[in-house]
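Taking it in order: structure first as structure tokens, then the write-up.
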Amino acid sequence: MRRRDFLRAGLAGGAVLGGLPALSRGERAASVALIVDPEDPVASSAAGRWAIGELRSALSGAGVAMLDRHDLRDVPSDAACIVAGGARSPMVQSALAGSGLTPPDVPESLVLAAAKLSRRPATVACGPDARGLAYALTELADRARHAARPHAALHVETPVVERPANRVRSVMRQFTSEPLDKPWFYDRGMWPAYLDMLATHRFNRFHLAFGLGYDFLRHVDDAYFLFAYPFLLEVPGYRVRAANLADEERDRNLDTLRFIARQTVARGIDFQLGIWMHGYVWHDSPRAQHTIEGLTPETHAAYCRDALAALLRACPEISSVALRTHGESGVPEGNYAFWRTIFDGVARCGRRVEIDLHAKGLDTRMIDAALDTGMPVNVALKGWAEHQGLPYHQAAIREHEMPVEGRSGQGLMTLSEGSRSITRYGYGDLLRDDRRYTVTHRVFSGTQRLLLWGDPAAAAAYSRAFQFCDSAGTDLMEPVTCRGRRGTGKAGGSRIGYADPQLDPQWDWQKYGYWYRVWGRHLYNPETPPAVWQRHFGGSPAGRALESSLARTSRILPLVSISHMPSAACDAYWLEVYWNQPMVRESDPNPYTDSPSPKTFQHVSALDPQLFSSMSDCAEELLQRRPSGKYSSVEVSQWLADLAQRGEEDLRRAGPLRPLDWRRTGIDIEILIGLGRFFAAKLRSGVLYSIHERTGDRPALEAAIRTYKAARAAWASVAACAKGVYADDLSASDKISNRGAWADRLPLIDADIAQMEERLAGASRSTDPAVAAAVAAVLGRPRREPPACNHEPPRRFRPGEELPLEIVHRGRVTPSSAVLYYRHVNQAERFQTVTMTAGSGSHRAVVPAEYTDSPYPLMYYFQLTHGRGSVTLYPGFSGDLLNQPYFVVQRG
């Protein structure tokens, strides 16, 4: 139907149509008519057509026919109506004319609203672009799929107006294991379903990554797609190939990649290709089936340039290329000429393609080389090292990564382990306000890769954190990332790691459907209503209890990550299947090589040492009675114990977990509860043992042994829960701490406890009352009174001008002193401090003008002292641990 004919049919000027039934709650119509203007470019886009198909499929699954109509006069009188299209289309504007709604003119935004068509209501679904319309229609489809009465679900009682909080909402899937990853890569039945799910949950970028199977090209067993180009295409002018790879298989790989890219873009999702490895020679690797032939150092850069350009031309759906330029790329750091050649390959493809640079080892010279191509450049920062911490960016990086004048890395890593060490595990110095590149935050998989995660409130907080200092969003490594890495994958095994085949879903990602739902919807809108995530478990009291249990226990491992970081590397420190670090003696071998010396449990630094103290420091503060105000291991222990206890209570309220998806969830929750109790007990044991180390006190040692045995019992419960459910080998690499499973860790725990018990013979009770008081404090429930004060942070500051700050106290007793901690949003710098001036019910301080004369935003917090024994931080953490514990002000 032509637009002018449609307008004549009765919608012009807000007129209404007759004969259409109301789409009201509880009513059942014979069919649903989807009315679309055939000349609407938004509705006729690929993503629009796909979303219409999703709605049709959802209704068909519920036994409801969906009628496609362009001419309103052809709509049956008993059909309910949905009007869909671009927000600017005359049909949609006319339908909304009487509603008082003005659709936002923001990319990817959407409106769902009731509109009067004749004398009965209908539903309008629209957006300013294809993604916005697709999100509106898939929200209706999602409602219909999860509703007992689909027609009622399509009725929109309250208008829904949403816009994206994060411009980039990306999921990364890695190919790192030929036996575990080839099946899903070639599975053309899997990809449409997987991408449907991603688009429905509003992820707008898919990152398919090759070359992450190894960090360094030594002892390579599984080289498939490691140096990706010769596994995908033949480059004219070069005789480069992967040995033992048939041309037919290579061509199949490219055809599969093109299929995946087309399917991705058809759903309104950007397709990003990750080429993470550019080295091509495997050292000491006699078992590698595929080696690279025909490439020399002289042709290396040019071949990679031409291969990348050819690949981008062969796959025009690729809109972004992710590259790492530090030494783990196989190219020595500082080789700017090589990377300029690679970047030129992007420029030669003939269209606009983003260059996404992994931040580790990155410097201004490398960024400028990418910018010189004229292509858009994004820098992907590491969020929480290679782990997942609490939903804020750590106030400081570990001392191990702080710059040291004159320090230089070795081998391939001269920059990232030298002058650019600050970029290894945080945002470093890359968040200047005057930057010419965009910034995203990449979340690695070191904290949780097998067990289900799902915490809606935390996901909302992370969503806000990914907007830090005008960041564009995030790239999440999805669950099961790294399984089978470094040649540890086994053919025919479960990628999830289940020993019980009944627990395996058809495709691995289906176990984690709730993960994708919670992350995707909250990255798009942190204010997503509960009804959206409650659909997954059905919204019943039992389902909500299960949701609550999972949310509480999902907070456990991120809390451990931020407060206790023996290694920032995800292939060394794997919290889910923790390799026990001893307290009595350093282990040999020791996977935690980047821990401070002595490399024992109680001396480990927090990932954020500015706000969290180590167990050793906590013991010293207790013995000296000089609290710093930092969050102690005893406080973290209590938080973990409380989360585990409340998670267990909610799990009991959920009752029998009969659906398979519920059973899988319940098993993972039980394991998380056990892990929470393990770390809660071991952290207290570590503080107690530190007291004993300093004083020789026997009661402290006895208490350390008791609590360590409680931790051991918790770990044994985890091993028992996992037995027969998960496989005995869950390897995510060939490192000792990334192999095996939970039961394998018990001997290490037992050995450490035995060594601790050996010290009892030489221990005696201390006569210093401070020691007994310290032991009692560790065993008791810590109390930290929230600060009774207010502070209104300035909206902006002017560089080169003083920045006055004031904190106003609400309580009857004001702090005896207050200290302002401030620094630029630059992790290469240390915090400055100034003692604040007391006023009438307030404290004031000024950030000097010379300090504000900087291209960086400012961050700050306050340390408040009430007498000798009470020091706290403001704003600090809220009770749910989901806020940013400092203030940030950007330049005006």
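The values are calculated or read from the model by the stated rules, or taken from the named source; none is laboratory data. Everything numeric here is computed off the predicted structure, so don't read it as measured data. Virtual Cβ from ideal backbone geometry, glycine too; neighbours counted across all protein chains shown. For accessibility, only protein heavy atoms count, side chains too; no ligands or nucleic acids. Shrake-Rupley method; radii C 1.70, N 1.55, O 1.52, S 1.80 Å.
Measuring with a 1.4 angstrom probe and ignoring ligands and nucleic acids, ASP129 comes out at about 40 Å² accessible.
Translational diffusion coefficient, Stokes-Einstein: compute it for region 178-292 using the Kirkwood radius over C-alpha pairs as Rh, at 10 °C and 1.306 mPa s, and state it as an integer in µm² s⁻¹. It diffuses with D of about 104 µm²/s by this estimate.
Size descriptors for region 629-668, from the alpha-carbon set: Rg then Dmax equal 14.4, 47 Å.
Test of understanding: express the Cα radius of gyration of region 98-231 as a ratio to 2.2 N^0.38 Å, with N the residue count. Present the calculation step by step, with values, prior to reporting the outcome.
Details: Rg = 21.1 Å, N = 134, 2.2 N^0.38 = 14.1 Å.
Here the Cα radius of gyration is 1.49 times the empirical estimate.
Per residue, how large is the accessible surface of the chain? Use a 1.4 angstrom probe and give square angstrom.
Details: 32070 Å² over 892 residues.
Ligands and nucleic acids excluded, the figure is 36 Å² per residue.
Our summary of shape: the Cα atoms of region 498-585 have principal axis extents of 51, 36, 25 Å, ordered from largest down, in whole angstrom.
Taking the Cα centre of the chain as reference, the dipole from Cβ charges on Lys and Arg (+1) and Asp and Glu (-1) amounts to some 2040 debye. Based on DSSP H segments of at least four residues, each scored -39500 (n - 2.57), the chain has a per-residue ellipticity at 222 nm of -10500 deg cm²/dmol. Rounded to the nearest Hz, the phi-derived 3J(HN,Hα) couplings of region 735-740 under the Karplus curve 6.51 cos²θ - 1.76 cosθ + 1.60 (θ = phi - 60°) are 6, 4, 7, 10, 10, x, where x marks glycine and proline. Working value for region 258-387: equivalent-ellipsoid semi-axes of 23, 19, 17 Å, each the square root of 5 times a Cα gyration tensor eigenvalue, largest first. When only the Cβ of Lys, Arg, Asp and Glu is charged (+1, +1, -1, -1), the dipole of region 437-590 relative to its Cα centre reaches about 200 debye. For region 751-803, the convex hull spanned by the alpha carbon atoms encloses 284 Å³ per residue.
Can you pull the percent of Cα pairs in region 405-511 with separation above 20 Å? Don't jump to the answer; show the numbers that get you there.
Values: 3415 of 5671 pairs.
Of the Cα pairs, 60 percent sit more than 20 Å apart.
For ARG252, what is the net charge nearby, where nearby means another residue's Cβ is under 12 Å from its Cβ and Lys, Arg count +1, Asp, Glu -1? After counting each charged neighbour, the total is -1. Along the axis of the charge dipole computed for the chain (Cβ charges of +1 for Lys and Arg, -1 for Asp and Glu, origin at the Cα centre), the listed residues GLY487, ILE397, GLY63 are led at the positive end by GLY63.
Sorted largest first, the spans of the alpha carbon positions of region 747-839 along the three principal axes are 63, 38, 22 Å.
Please compute the alpha carbon radius of gyration of the chain, then divide it by the globular-protein estimate 2.2 N^0.38 Å. Two decimals is fine. Provide the component values of the computation, followed by the final result.
On the way: Rg = 28.9 Å, N = 892, 2.2 N^0.38 = 29.1 Å.
That ratio works out to 0.99.
Calculate the tail of P(r) for region 357-448: the fraction of all Cα-Cα distances greater than 17 Å, expressed in %. Everything past 17 Å amounts to 52 percent.
Between the C-alpha center of region 337-413 and that of region 274-320 there is a gap of 20 Å. Note on region 652-810: semi-axes of the ellipsoid equivalent to its C-alpha gyration tensor, largest first and rounded to whole Å, are 37, 31, 18.
For a straight C-alpha distance cut-off of 27 angstrom, the lysines reachable from LYS511 (same-chain residues fewer than eight places away being disregarded) are LYS182, LYS382, LYS490, LYS723, LYS735.
Sorting LYS682, LYS182 by accessible area puts them as LYS182, LYS682; the probe is 1.4 Å, largest comes first, and only protein heavy atoms count. Spread over its residues, the convex hull of the C-alpha atoms of region 87-169 is 95 Å³ per residue.
Which value, in debye to the nearest 20, gives the size of the charge dipole of region 707-780 about its Cα centre, when Lys and Arg are +1 and Asp and Glu are -1 at the Cβ?
Details: 8 positive and 9 negative charges, 35 e Å.
About 160 debye.
ILE318 sits with roughly 0 Å² accessible to a 1.4 Å probe, with DNA, RNA and ligands left out of the calculation. When Rg and the Kirkwood radius Rh are both evaluated on Cα atoms of region 814-892, their ratio Rg/Rh stands at 0.99. Selection among HIS692, VAL92, THR138 by position relative to the dipole of the chain gives VAL92 as farthest towards the positive end (Cβ unit charges, Cα centre).
Counting protein heavy atoms only, the chain has 48 percent of its accessible area on carbon and sulfur, 1.4 angstrom probe.
The shape of region 738-892 can be summarised by an equivalent ellipsoid whose semi-axes, obtained from the alpha carbon gyration tensor, come to 41, 24, 15 Å from longest to shortest. Think of region 528-594 as a dipole: +1 on every Lys or Arg Cβ, -1 on every Asp or Glu Cβ, centred on the Cα centre; then among SER548, MET565, PRO529, PRO529 lies furthest on the positive end. From the Cα gyration tensor of region 558-672, with a ≥ b ≥ c the square roots of its eigenvalues, which class applies: rounded if a/c is under 1.5, or else prolate if a/b is larger than b/c, or else oblate? Oblate is the answer for region 558-672, as a/c is 1.5 or above yet b/c matches or exceeds a/b.
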